[in-house]
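Note sheet for the following structure.
The values are calculated or read from the model by the stated rules, or taken from the named source; none is laboratory data. The structure displayed is predicted, hence computed values, not measured ones. No Cβ is skipped: glycine too gets one built from the backbone with ideal geometry, and neighbour counts run over all protein chains shown. Keep in mind that these areas ignore ligands, DNA and RNA; they rest on the heavy atoms of the full protein, side chains included. Shrake-Rupley method; radii C 1.70, N 1.55, O 1.52, S 1.80 Å.
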Amino acid sequence: MDRFRLKKEDMQKRGWRDWLQNYWFYYKWPTVIILCILILGSSILYSMLNQMQYDATVYLVCRSDTAAALNVEQIQNKLENYAGDYDGKDGINVRFGYSALPDVSEEDTVVDGLESDIVRPDEDTEDIREYLAATTALAGEMDSDTAIYIFDEIQYNEMMKDANRPIFVDLHEKYPDLPIKDGCKLMVKNTIFAKDFLVVSDDLFFVVRDLAYIRDHDKQKVIDHYAYQMDLFDAIVKASFPKA
């Protein structure tokens with residue numbers, strides 16, 4: 001450290017260039033590391049402050065073999081036609097997301113001497129990675145306050161098999177004159193989004209999560225956002241069934 005501490009008169013004699021060279025020789029890597037940390041931290045902070053805040057999310061859960069063919073941007077733009085600007089910032093922004101899961105099979109597996117049924121993809125490493133990534137994304141979405149979902153029958157049954165009560169709104173009660181299936185399913189093929197999702201399946205359906213099954217459902221912010229999402233869904237229904 002003494003090598004770096006030059007007296008004022010020494011600096012005047014040797015000049016700032018020599019001082020900087022001396023500093024860089026002994027402290028190059030600590031300086032580089034600190035600068036990298038500062039740049040990375042600034043980048044993360046900037047991203048957090050400027051991250052898009054979506055007014056709502058509509059989330060699809062389906063098989064993986066055709067989901068990649070969806071025109072996500074087109075679907076988002078179409079959804080925004082029926083939404084309002086919830087937060088008054090950045091205009092109307094509706095996110096369309098999806099979890100695409102590969103085919104799964106049930107296997108009886110012994111784990112530490114205990115019998116357990118495990119639902120997982122066929123023995124293909126890429127499928128396993130894809131399945132885990134998709135289920136993780138879906139779990140994160142279910143932990144949010146997203147209310148509007150689109151399912152295929154297989155993934156819907158997978159989700160509901162462990163549910164001891166309905167977690168989705170009774171749409172038949174809300175829209176008694178519409179062709180609602182099983183009380184809570186509005187078939188996508190009967191709506192204005194029929195062509196947008198035909199590439200995946202003609203058996204997809206909308207469901208709306210009940211407010212009681214959304215985290216922090218008793219907080220006013222969540223209640224207000226849920227009401228906004230219900231308005232969005234109602235606008236989609238009215239556009240799809242103008243005479244109903």
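How large is the accessible surface of residue 92 in square angstrom, using a 1.4 angstrom probe and rounding to the nearest 10?
Its heavy atoms expose roughly 60 Å² to the probe.
When each pair of different Cα atoms in region 139-205 is counted once in the 1/r mean, what is the Kirkwood radius in angstroms, to one decimal?
13.1
For the pairs 78/185; 89/221; 89/189; 181/219; 89/219, note any where the Cα-Cα span goes beyond 25 Å. Show your work: numbers first, answer last.
On the way: 78/185 21 Å; 89/221 16 Å; 89/189 33 Å; 181/219 31 Å; 89/219 22 Å.
Going by Cα-Cα distance, 89/189; 181/219 fall outside the 25 Å limit.
For region 129-179, which trypsin sites (Lys or Arg not before Pro) pass both filters: DSSP loop (anything but H, G, I, E, B) and at most 11 other C-beta atoms within 10 Å? Mind dumping the intermediate values first?
Details: sites: 129, 161, 174; in loops: 161.
Hits after loop and neighbour filter: 161.
Which cross-chain or sequence-distant (5 or more) residues have an amide H under 5 Å from the amide H of residue 86, H modelled 1.01 Å from N in plane?
So residue 86 has HN proximity to 93.
Treat every Asp and Glu Cβ in region 132-239 as -1 and every Lys and Arg Cβ as +1, leave all other atoms uncharged, and give the resulting dipole magnitude about the Cα centre to the nearest 20 debye. Walk me through the numbers before you get to the answer.
Values: 12 positive and 20 negative charges, 19 e Å.
Value, rounded to 20: 100 debye.
In square angstrom, rounded to the nearest 10, how much accessible surface does residue 150 have for a 1.4 Å probe?
Answer for residue 150: close to 0 Å² accessible.
For the charge dipole of region 152-227, defined by +1 on Lys and Arg C-beta atoms and -1 on Asp and Glu C-beta atoms about the Cα centroid, which residue among 188, 213, 159 has the Cα displaced farthest towards the positive pole?
So the residue furthest toward the plus end is 213.
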